[in-house]
Amino acid sequence: MLKGKTALITGSTSGIGKSLAEAFAAAGCNIMINGFGDKKTIEALRAKLEKKYGVQAIYSAADMTKPDEIAQMVRDAEADFGKVDILVNNAGIQYVAAVDEFPPDKWDAIIAINLSSAFHAIRAALPGMKAKKWGRIINIASAHGLVASPFKSAYVAAKHGMVGLTKVVALEVAEMGITCNAICPGYVKTPLVEGQIDDQAKARGISAEEVVRDVILAAQPTKKFVSFEELNALALFLAGDLAASINGAALSIDGGWTAK
Ligand code: NAD
């Protein structure tokens, strides 16, 4: 279905982005991966995508806090593959503190990586999509794009902003064969969440199992993490032609969290 398309996935050296990179490669897409990490590990991931799935995979080290590097990342993908058909804005970080204790530099970093990077990437990729009259923009927002939790001011603001950005882009591209949607996951067990489990266990003086049950999954009615496979399936569906009428949506995949 997606054979021969190109997918650029930001923040794909870890967690959800890495899982999406594998899923899109398995569906036949050429892939540009991006994100931080150990050089050898990233090269091993890139090579694995090529070998296992028979697609081309390239890596961009672009820092999502730097607009020029983001624009260059898109230009590099277009130069190598001729186009960017599918853009997944996934890179993100988290920081947890009360608003009046929230370090301004952490606020700026979260807004830059979790929100502004999507604007810069969309801005750079859209002209190519418009020229081909086909494109899919998938923004990985969060349940926190729809509802709030205490101590996550920057994250919640950025993710709500991403849902708003999604709607505006969707309206602008609606007649051009392009869609723009946000996926709003509940908790997925990635390194980003594992870090929170350890921090909360230390802060509260309880075990990691208790943090998962009583703190993290307390929000999620299913009491289960959202799986990578479930997220991959939703993203692949949005990228397909049968999702052409899903546009400007914020799709919850959160075990019922935001139904409350
Ligand atoms: P993760 O920490 O496992 O991965 C984050 C990725 O972003 C990594 O590849 C990292 O290198 C990259 N990244 C961070 N800063 C960057 C920068 N400045 N430039 C380029 N890349 C950068 O996290 P994850 O849990 O896989 O999160 C991925 C996305 O999913 C985030 O936007 C996050 O907010 C969102 N999300 C996660 C969950 C969850 O429960 N894990 C839930 C809802 C939404």
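Bear in mind these aren't lab numbers, they're just calculated from the coordinates by the rules spelled out. Remember, it's a predicted structure, so these values are computed and weren't measured experimentally. Because the Cβ atoms are built from the backbone with ideal geometry, glycine has one as well, and the counts that use them run over all protein chains shown.
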- request: Take the alpha carbon atoms of the range 61-88, find their center, do the same for the range 1-51, and report the distance between the two centers in whole angstrom.
  value: 14
task: Take 101, 194, 78 and order them by how many other Cβ atoms sit within 10 Å, fewest up front.
output: 101, 194, 78
- prompt: When the helix-only estimate is applied to the chain (DSSP H runs of n ≥ 4, each -39,500 (n - 2.57), divided by the residue count), what is the mean residue ellipticity at 222 nm, nearest 500 deg cm²/dmol?
  reply: -14000 deg cm²/dmol
field: Phi to ³J(HN,Hα) by Karplus 6.51 cos²θ - 1.76 cosθ + 1.60 over the range 209-224, Hz, x for Gly, Pro
entry: 4, 5, 4, 4, 6, 9, 10, 6, 7, 4, 6, 9, x, 5, 6, 10
- prompt: Pick from 213, 204, 123: which residue has the top mean-square fluctuation in a GNM of the chain where Cα pairs under 10 Å get a spring?
  reply: 204
- prompt: Over the chain, what is the mean sequence separation of C-alpha contacts under 8 Å (at least six apart), divided by residue count, expressed as relative contact order in percent?
  reply: 18
query: Out of residues 5 or more away from residue 32 or on other chains, whose amide H comes under 5 Å of its own, with H placed 1.01 Å from N in the peptide plane?
result: 7, 8, 9, 58
message: For a quick check: sort 49, 251, 126 by the number of other beta carbons within 10 angstrom, fewest at the front.
response: 251, 126, 49
- prompt: Once the principal axes of the Cα atoms of the range 152-205 are found, what is the range along each, listed largest first in whole angstroms?
  reply: 54, 21, 12
Vicinal HN-Hα couplings computed from phi for the range 248-260 (Karplus, 6.51 cos²θ - 1.76 cosθ + 1.60; Hz; Gly/Pro x): x, 8, 10, 8, 7, 9, 9, x, x, 3, 7, 7, 6
task: Note down the Stokes-Einstein diffusion coefficient of the chain in µm²/s, whole number, using a Kirkwood radius over alpha carbon pairs, 37 °C, and 0.692 mPa s.
output: 177
Members of 48/83; 152/223; 48/106; 66/167; 152/189; 3/130 lying beyond 27 Å, as alpha-carbon distances in this model show: 48/106
